[in-house]
């Protein structure tokens with residue numbers, strides 16, 4: 001039974017991948033929409049990162065876009081500096097993820113001592129600092145473009161890269177969450193004092209969750225940079241952190257399925273409304289969408305999935 | 001040196017309030033000792049000091065000869081001390097089984113990468129951990145509730161689950177903070193049998209705080225009585241029951257002390 005759930009999910013994933021790929025190649029799906037699909041995948045990766053931090057480890061972060069940006073700028077810097085060639089994408093993406101994880105580790109040591117709202121404010125402050133650094137980055141590295149934005153990034157991100165990245169992120173988070181280390185993170189969320197009392201080094205696991213989540217944000221940022229080929233500090237400000245937070249809360253804290261669905265729904269809906277709505281009320285798009293949020297929160301305060309998962313994302317209990 | 005736990009001159013000040021004063025205690029391996037006293041006497045503070053939840057002002061706490069003062073709580077747990085809490089602290093949104101499994105974390109026996117890559121050792125160890133956790137749950141009659149969320153358990157089961165979780169951390173010394181609180185007489189009777197059973201089965205040393213005197217008197221071999229942060233009496237149940245200082249602490253001294261009312265709060 002459970003094997004079948006996994007097999008069906010695998011077939012479904014391959015089918016989705018193939019359909020979008022073929023539709024993209026045959027121009028059934030225009031390049032604009034293909035880009036939207038890729039962006040949905042990128043938001044999924046970033047959202048899964050924040051879900052580890054907030055949904056599973058219980059650490060409230062409002063600075064997710066900063067790590068997304070660090071990954072984006074790092075990866076873009078590498079591919080732009082290296083004499084072109086698609087072969088640089090993978091190392092650049094990994095470097096972006098590592099850079100974001102490393103910064104998360106350094107910043108996490110002092111601030112993860114804070115709790116809930118206070119941690120939120122501290123990460124918010126960190127996000128603003130990073131944004132200001134991006135704004136002035138050209139003073140140190142002219143390649144990064146500062147407040148004029150970074151141009152000339154090779155367009156290397158493809159649907160395949162995004163898809164593989166997203167599936168990899170899902171597997172990573174799922175396997176992590178259902179392991180002893182993941183349980184340690186969850187125990188920190190549930191009750192920090194009790195977690196310490198049963199022998200969990202809470203500082204260590206808060207840091208681990210934060211670093212892993214931010215590294216995923218960095219990976220997503222790298223993909224983003226090579227999708228749109230243009231980076232601007234405005235793309236990594238506080239509001240972008242809120243977008244990810246929204247996706248995670250909307251999907252359900254501590255639910256991988258929820259993040260996937262919410263990230264895709266959020267991205268596609270925002271663009272879909274553009275197509276569906278008549279031009280006269282197109283501007284109301286930005287009213288309709290917050291209204292939807294309010295309705296969802298009223299009807300499902302724990303998010304769409306409320307901590308539940310699709311069956312194929314649950315671990316198989318073996319005897 | 002034969003003592004498992006050795007506490008010397010332990011003092012804790014909260015600002016101007018001396019919550020624990022010159023506390024001394026030695027526990028031999030296998031002992032079952034009760035820590036009693038009126039509300040606010042400092043009993044739970046002693047537990048918090050032993051487990052490293054709060055740092056002592058002065059004093060030493062040794063387990064098997066090793067000084068624990070200054071260790072973070074999780075390291076103290078690794079040294080063999082586990083506890084339960086007066087106001088139950090379960091992982092409410094997790095299943096009963098997961099509550100217990102988490103406590104095996106220090107003994108997981110596989111690394112982060114092994115877990116994420118799902119290498120054979122992961123599967124092997126997870127199977128063992130689940131089996132051990134289920135065995136413990138079985139001892140406490142919780143086996144058939146393993147899939148339920150901890151928050152949905154009845155009160156008595158929650159208390160028992162907390163003991164199971166503490167046991168999973170493989171303690172040498174188990175500290176129970178009011179294990180019988182809120183239980184009915186039948187449950188208390190069962191709890192007493194269980195405590196004796198786990199002591200023998202896991203060769204535990206137990207220190208427990210309890211207000212239900214019938215329970216304390218029938219289970220503990222030795223009692224330590226605290227009042228206003230100090231030990232006022234020590235001995236077996238008969239001695240304690242006859243001790244005038246203990247009677248005074250609980251019932252007051254009559255005319256001029258004005259009732260010996262316990263200090264409010266501060267016990268936690």
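For the stretch B:77-98, which positions are assigned to a helix (DSSP H, G or I) and either more than 9 Å from chain A (Cβ to nearest Cβ) or free of Cβ contacts under 8 Å to residues at least 12 places away in the same chain (or both)? Hits for the stretch B:77-98 are B:96, B:97, B:98.
Residues in the stretch B:151-161 include none that are modelled with pLDDT of 90 or more, crowded, with 23+ Cβ neighbours inside 10 Å and facing chain A (nearest Cβ under 10 Å). With respect to residue B:37, determine if the residue is on the phi > 0 side of the Ramachandran plot, within 14 Å of chain A (Cβ to nearest Cβ) and either more than 13 Å from the chain's Cα centre (by Cα) or surrounded by fewer than 21 Cβ atoms within 10 Å (Cβ to Cβ) (or both). Taking the combined requirement at face value, the residue does not satisfy it. Name every residue in the stretch A:195-215 that is at the interface with another protein chain (Cβ under 7 Å from one of its Cβ atoms) and buried (at least 24 other Cβ atoms within 10 Å of the Cβ), in order of residue number. Within the stretch A:195-215, A:197, A:198, A:199, A:200 meet the criteria. Within the stretch B:51-62, restricting attention to residues that are within 14 Å of chain A (Cβ to nearest Cβ) and crowded, with 19+ Cβ neighbours inside 10 Å, the residue that is farthest from residue B:180 (Cα to Cα) is B:52. With respect to residue B:106, is the statement that it is closer than 19 Å to residue A:188 by Cα, modelled with pLDDT under 95 and either away from every other protein chain (no Cβ under 11 Å) or under 23 Å from the mean Cα position of the chain (by Cα) (or both) true? Taking the combined requirement at face value, the residue satisfies it.
Screening the candidates A:268, A:253, A:219 for the property of being touching a helix residue (DSSP H, G or I) at 6+ places or on another chain (Cβ under 9 Å) and surrounded by fewer than 19 Cβ atoms within 10 Å (Cβ to Cβ) yields one hit, A:268. The test for being touching a helix residue (DSSP H, G or I) at 6+ places or on another chain (Cβ under 9 Å) and assigned to a loop (DSSP other than H, G, I, E, B) holds for residue A:155. Just so you know, in the stretch A:260-304 the residues that are in a loop (DSSP other than H, G, I, E, B) and either more than 23 Å from residue A:240 (Cα to Cα) or at pLDDT below 80 (or both) include one that is farthest from the other protein chains (Cβ to nearest Cβ), and it is A:278.
Inside the stretch B:136-165, residues that are touching a residue at least 12 places away in the same chain (Cβ under 8 Å) and either part of a loop (DSSP other than H, G, I, E, B) or outside the structural domain of residue B:109 (by TED's automatic domain parsing) (or both) make up a count of 7. Residues considered: A:250, A:246, A:223. Of these, the only one that is under 21 Å from residue A:94 (Cα atoms) and in a helix (DSSP H, G or I) is A:223. With respect to the stated conditions, residue A:184 is at pLDDT 95 or above, within 14 Å of another protein chain (Cβ to nearest Cβ), over 17 Å from the mean Cα position of the chain (by Cα) and crowded, with 18+ Cβ neighbours inside 10 Å.
Which residue out of A:76, A:72 is touching a helix residue (DSSP H, G or I) at 6+ places or on another chain (Cβ under 9 Å), over 22 Å from residue A:259 (Cβ atoms) and crowded, with 20+ Cβ neighbours inside 10 Å? Only one candidate qualifies: A:76. From the list A:173, A:162, the one residue that fits, being more than 30 Å from residue B:169 (Cα to Cα) and either modelled with pLDDT of 95 or more or part of a helix (DSSP H, G or I) (or both), is A:162. Looking at the stretch B:178-199, is at least one residue in contact (Cβ under 8 Å) with a residue 60 or more places away in the chain, touching a strand residue (DSSP E or B) at 6+ places or on another chain (Cβ under 8 Å), at positive phi and not assigned by TED's automatic domain parsing to the domain that holds residue B:139? Within the stretch B:178-199, one or more residues are in contact (Cβ under 8 Å) with a residue 60 or more places away in the chain, touching a strand residue (DSSP E or B) at 6+ places or on another chain (Cβ under 8 Å), at positive phi and not assigned by TED's automatic domain parsing to the domain that holds residue B:139.
Taking the stretch B:99-129 as the range and being closer than 14 Å to residue B:168 by Cα, touching a residue at least 12 places away in the same chain (Cβ under 8 Å), touching a helix residue (DSSP H, G or I) at 6+ places or on another chain (Cβ under 7 Å) and not in a loop (DSSP other than H, G, I, E, B) as the test, the residues that pass are B:99, B:100, B:101, B:102, B:106, B:129. For the stretch A:122-145, filtered to residues that are touching a residue at least 60 places away in the same chain (Cβ under 8 Å) and farther than 15 Å from residue A:237 by Cβ, the residue that is surrounded by the fewest Cβ atoms within 10 Å (Cβ to Cβ) is A:141.
The values are calculated or read from the model by the stated rules, or taken from the named source; none is laboratory data. No experiment lies behind these values; they were computed from the predicted model shown. Positions of Cβ are backbone-derived with ideal geometry, glycine not excepted, and every protein chain shown enters the neighbour counts.
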